[in-house]
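Here is the structure we will look at.
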Amino acid sequence: MKRLLVLATVLCAFNAYAGGKSGNDDAAEDRDILGVIEENLQAAEKEDFDAWMKTYHERARSCKARGSEMLDCFRVYDMKYTLEQTKVLDRSDEEAKVYFIQLNRTVTGPDNNDKKVTGVHIMKKSYGKWKIYDTEIKMIQELR
């Protein structure tokens, strides 16, 4: 019994010393990451350009081009965005990869087929907060 107690104490001390994270910390970090993606879609749906831009990393490779596209989209369409599925595939202290399936539905605007978009968001930290850095689109499926 003493051996078991000593072993448990050593393991707890090692975990604390090594800076190990508990499963709860990992789950909270994943929620923070996924929350940014949800904020991004909510801002797009509300056509709140400033809030939408705040979800992107300041060094995002294509943020300016996407920003111009989104402003055009806001002028022409009312859209409904839904996350059908998300999963954190990989995460380090500074970068994460998130698989997603997103539905883009046109509420009003010229003929625009609804789409199911599958891809991976590359997330990076900016001043301690997760942001979208890049997006790899794997598939776009028209839904009509």
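None of the figures in this text is laboratory data; all of them are computed from the coordinates on show. Not measured: the values here are computed from a predicted model. Ideal geometry is used to build each Cβ from the backbone, glycine not excepted, and the neighbour counts take in all protein chains shown.
Being under 14 Å from the mean Cα position of the chain (by Cα) and outside any helix (DSSP H, G or I), is that true of even one residue in the stretch 57-69? Checking the stretch 57-69: at least one residue is under 14 Å from the mean Cα position of the chain (by Cα) and outside any helix (DSSP H, G or I). The set of residues in the stretch 75-134 being in contact with a Ser or Thr (Cβ under 8 Å, 6 or more places away or on another chain), in contact (Cβ under 8 Å) with a residue 40 or more places away in the chain and aromatic (Phe, Trp, Tyr) consists of PHE100 alone. Of the residues making up the stretch 55-74, those that are touching a residue at least 40 places away in the same chain (Cβ under 8 Å) and under 16 Å from TRP130 (Cα atoms) are THR55, TYR56, HIS57, GLU58, ARG59, ALA60, ARG61. Close contacts from the stretch 35-48, counting a first residue that is β-branched (Val, Ile, Thr) and a second that is part of a loop (DSSP other than H, G, I, E, B), with Cβ to Cβ under 6 Å and a gap of 6+ residues or different chains, come to VAL36/THR55.
Of the residues VAL117, VAL88, which is touching a strand residue (DSSP E or B) at 6+ places or on another chain (Cβ under 7 Å), of a type in the set (A, V, I, L, M), closer than 19 Å to ASP30 by Cβ and in a strand (DSSP E or B)? Answer to the check: VAL88.
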